[in-house]
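Colleague: Just dropping this structure here.
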Amino acid sequence: MTDCIFCKIINGDFNTEFVHENEYAVVFKDINPKADIHLLVVPRKHVESLNELDDEILLGKLMTTVKETTKKLGIKSYRTIINTGKEAGQEVFHLHIHILSGKMNF
Ligand code: 5GP
Ligand code: ZN
């Protein structure tokens with residue numbers, strides 16, 4: 001989607017550093033971190049939210065990407081969050097999984 005900030009990041013428009021990437025997803029640091037470590041796992045395919053995801057394989061690949069990333073960075077304890085819908089705090093309508101670790105400020 002052309003007006004989606006995460007699609008633009010995936011497209012390389014802002015030269016965002018990917019801490020990890022694979023065929024299905026990219027992982028980058030949250031611009032406004034709410035923990036010592038705050039990463040976002042974002043599928044390459046534009047899906048608005050978990051409610052619109054009808055691809056079990058992709059869902060599994062995203063969780064596998066969480067594991068790959070935390071293993072690569074040596075993160076042993078972490079929290080994963082998916083905000084779904086505006087009332088639940090979703091601000092960017094391109095599905096993403098938050099990885100939070102260390103001291104959390106929220
Ligand atoms: P949500 O509230 O939708 O679950 O999370 C969206 C997250 O994306 C927020 O934590 C916000 O700080 C982050 N974010 C929004 N715009 C950008 C951006 O342009 N770059 C990066 N790296 N993170 C962003
Ligand atoms: Zn998008």
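Colleague: Filter the stretch 1-42 down to residues that are within 16 Å of residue 97 (Cα to Cα) and of a type in the set (Ser, Thr, Tyr), then give me how many there are.
Modeller: Here the count works out to 1.
Colleague: Let me ask something additional. Any residue in the stretch 90-106 that is of a type in the set (A, V, I, L, M) sitting within a Cβ distance under 9 Å of a residue that is at pLDDT below 95? List the pairs, counting only those 6 or more apart or interchain.
Modeller: Close Cβ pairs (under 9 Å, with a partner that is at pLDDT below 95) amount to 100/106.
Colleague: Could you list, in sequence order, all residues of the stretch 59-89 that are within 16 Å of ligand 2 (Cβ to nearest atom) and either surrounded by fewer than 18 Cβ atoms within 10 Å (Cβ to Cβ) or on the phi > 0 side of the Ramachandran plot (or both)?
Modeller: Matches in the stretch 59-89: 82, 83, 84.
Colleague: Please find, within the stretch 1-26, the residue that is surrounded by the fewest Cβ atoms within 10 Å (Cβ to Cβ) out of those that are near ligand 1 (Cβ under 8 Å from one of its atoms) and touching a residue at least 40 places away in the same chain (Cβ under 8 Å).
Modeller: Across the stretch 1-26, the extreme among qualifying residues is 5.
Colleague: Would you pick out the residues in the stretch 1-25 that are aliphatic (A, V, I, L, M), within 14 Å of ligand 2 (Cβ to nearest atom) and either assigned to a loop (DSSP other than H, G, I, E, B) or at pLDDT below 95 (or both)?
Modeller: Result: 1, single match.
Colleague: If we scan the stretch 43-51, do we find a residue that is within 16 Å of ligand 2 (Cβ to nearest atom), touching a strand residue (DSSP E or B) at 6+ places or on another chain (Cβ under 9 Å) and part of a strand (DSSP E or B)?
Modeller: Within the stretch 43-51 (the criterion being within 16 Å of ligand 2 (Cβ to nearest atom), touching a strand residue (DSSP E or B) at 6+ places or on another chain (Cβ under 9 Å) and part of a strand (DSSP E or B)), the answer is yes, since at least one residue qualifies.
Colleague: Is there a residue being within 14 Å of ligand 2 (Cβ to nearest atom), in a loop (DSSP other than H, G, I, E, B) and crowded, with 17+ Cβ neighbours inside 10 Å anywhere in the stretch 27-37?
Modeller: So far as the stretch 27-37 goes, no, none of its residues is within 14 Å of ligand 2 (Cβ to nearest atom), in a loop (DSSP other than H, G, I, E, B) and crowded, with 17+ Cβ neighbours inside 10 Å.
The values are calculated or read from the model by the stated rules, or taken from the named source; none is laboratory data. Everything quoted here is computed from the prediction, not taken from an experiment. Neighbour counts are summed over all protein chains in view; Cβ atoms, including those assigned to glycine, are modelled from backbone coordinates with ideal geometry.
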